[in-house]
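Since the structure comes first, as structure tokens, the remarks are kept for the end.
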Amino acid sequence: MPRPKKPRLVSQYPFLTRFGPLQGAPSGEVRLSVEEMEAIRLSDFEGLDQETAAGLMQVSRQTYGRILSQARRTVAQALVTGKVISVGGGDYRFRGHGPGRRRRRRGLG
């Protein structure tokens, strides 16, 4: 039996949850979890190093690297193949809230 996944800390739920091509019809859809979106925000938008970002999400640097790598792969797939990116799901908790504010979102929305 696998070890239960520890929820990752995120600052807030993303304001926008769908992104896609403006020209032509999308060729499909890919899903980016909330914690993957947070990893992209911390590293690529905020410019934090992986050690600092991992500390904010309360995961190991190695786990953070895996989350970020998967997120970048998903975004690249959508950009190259013209797919819509839907953000949602995952196992996360909001930073600064007590344990009672845990969010477990498996589906989209």
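Here is how the numbers come out for the structure above:
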| item | result |
| --- | --- |
| Sole residue being within 21 Å of ARG93 (Cα to Cα), touching a Lys or Arg at 6+ places or on another chain (Cβ under 6 Å) and assigned to a helix (DSSP H, G or I), chosen from ALA54, ALA71 | ALA54 |
| Pairs with Cβ under 6 Å, 6+ apart, first in region 82-95 and closer than 20 Å to THR63 by Cα and free of Cβ contacts under 8 Å to residues at least 60 places away in the same chain, second among the charged types (D, E, K, R) and part of a loop (DSSP other than H, G, I, E, B) | GLY89/ARG106 |
| Residues (touching a Ser or Thr at 6+ places or on another chain (Cβ under 6 Å) and assigned to a loop (DSSP other than H, G, I, E, B)) located in region 1-28 | SER27 |
| Within region 29-51, tally of residues that are outside any helix (DSSP H, G or I), loosely packed, with under 14 Cβ neighbours inside 10 Å and either in contact (Cβ under 8 Å) with a residue 24 or more places away in the chain or not acidic (Asp, Glu) (or both) | 2 |
| Residue check, ARG72 under 15 Å from ARG41 (Cα atoms) and modelled with pLDDT of 90 or more | yes |
| For ALA25: the one exception among (1) touching a Leu at 6+ places or on another chain (Cβ under 9 Å); (2) of a type outside the set (D, E, K, R); (3) modelled with pLDDT of 90 or more; (4) surrounded by fewer than 16 Cβ atoms within 10 Å (Cβ to Cβ) | (1) |
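The values are calculated or read from the model by the stated rules, or taken from the named source; none is laboratory data. All values derive from a computational prediction rather than experimental measurement. Positions of Cβ are backbone-derived with ideal geometry, glycine not excepted, and every protein chain shown enters the neighbour counts.
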